[in-house]
1. Dipole magnitude of the chain about its Cα centre, charges +1 at Lys/Arg Cβ and -1 at Asp/Glu Cβ only, in debye to the nearest 20?
2. Tell me what the chain gives for mean residue ellipticity at 222 nm when only DSSP H runs of n ≥ 4 count, each as -39,500 (n - 2.57), the sum divided by the residue total, rounded to 500 deg cm²/dmol.
3. What angle do you read, to the nearest 10 degrees and between 0 and 90, between the alpha-carbon axis of helix 19-35 and the longest principal axis of the chain?
4. Would you compute, for the Cα atoms of the chain, the largest minus smallest coordinate along each principal axis and list the three values in descending order, in whole Å?
5. So what's the angle, to the nearest 10 degrees on a 0 to 90 scale, between helix 60-73 and the longest Cα principal axis of the chain?
6. Only counting other Cβ atoms within 10 Å, I'd like Lys35, Lys57 sorted with the fewest neighbours first.
7. What is the angle, in °, between the Cα long axis of helix 77-89 and the longest principal axis of the Cα atoms in the chain? Nearest 10 is fine, range 0 to 90.
8. If each residue of separation counts as 0.36 nm, what is the full-extension length gain between Ser56 and Ser28 once their alpha-carbon separation is subtracted?
Amino acid sequence: MTRKIPIISLEDFEAKAKKPTMMRSLVSNIADGIKDNLESVNIAEIKNHDLIISVSKDEWKPGLEKAMEYYIENEQYEICSKIKKLIKRL
């Protein structure tokens, strides 16, 4: 089974250096969470800290809206379309 969440360093997380990776993980894992009717999803693991970043179901819509803003800024409209469909399913 392939790993579903990225492992990032605390420094990269704080500096938002891995934002593309985090956004991709957020959208993908929320999509899986919707499909599997989960209450929360994990989106990243902080290396050397035994810390998992998870997002509860009540934060999925705001998270997807933030991801939408990110992908609009980066002109990745095909992903925006996917996000819009996910928001409608919530």
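1. In total the dipole reaches around 400 debye.
2. Roughly -17500 deg cm²/dmol at 222 nm, from the helical runs in the chain.
3. Result, in degrees: 60.
4. Sorted from largest, the Cα extents of the chain read 37, 30, 25 Å.
5. That helix lies at roughly 90 degrees to the long axis.
6. Lowest to highest Cβ neighbour count: Lys35, Lys57.
7. 80 degrees
8. Fully extending the segment from Ser56 to Ser28 adds 8.6 nm.
FYI, it's all coordinate maths here, none of it is from the lab. This structure is a prediction, so every number in the text was calculated from the model and none was measured. For neighbour counting, all protein chains shown are included, and Cβ atoms are generated from backbone atoms with ideal geometry for every residue, glycine included.
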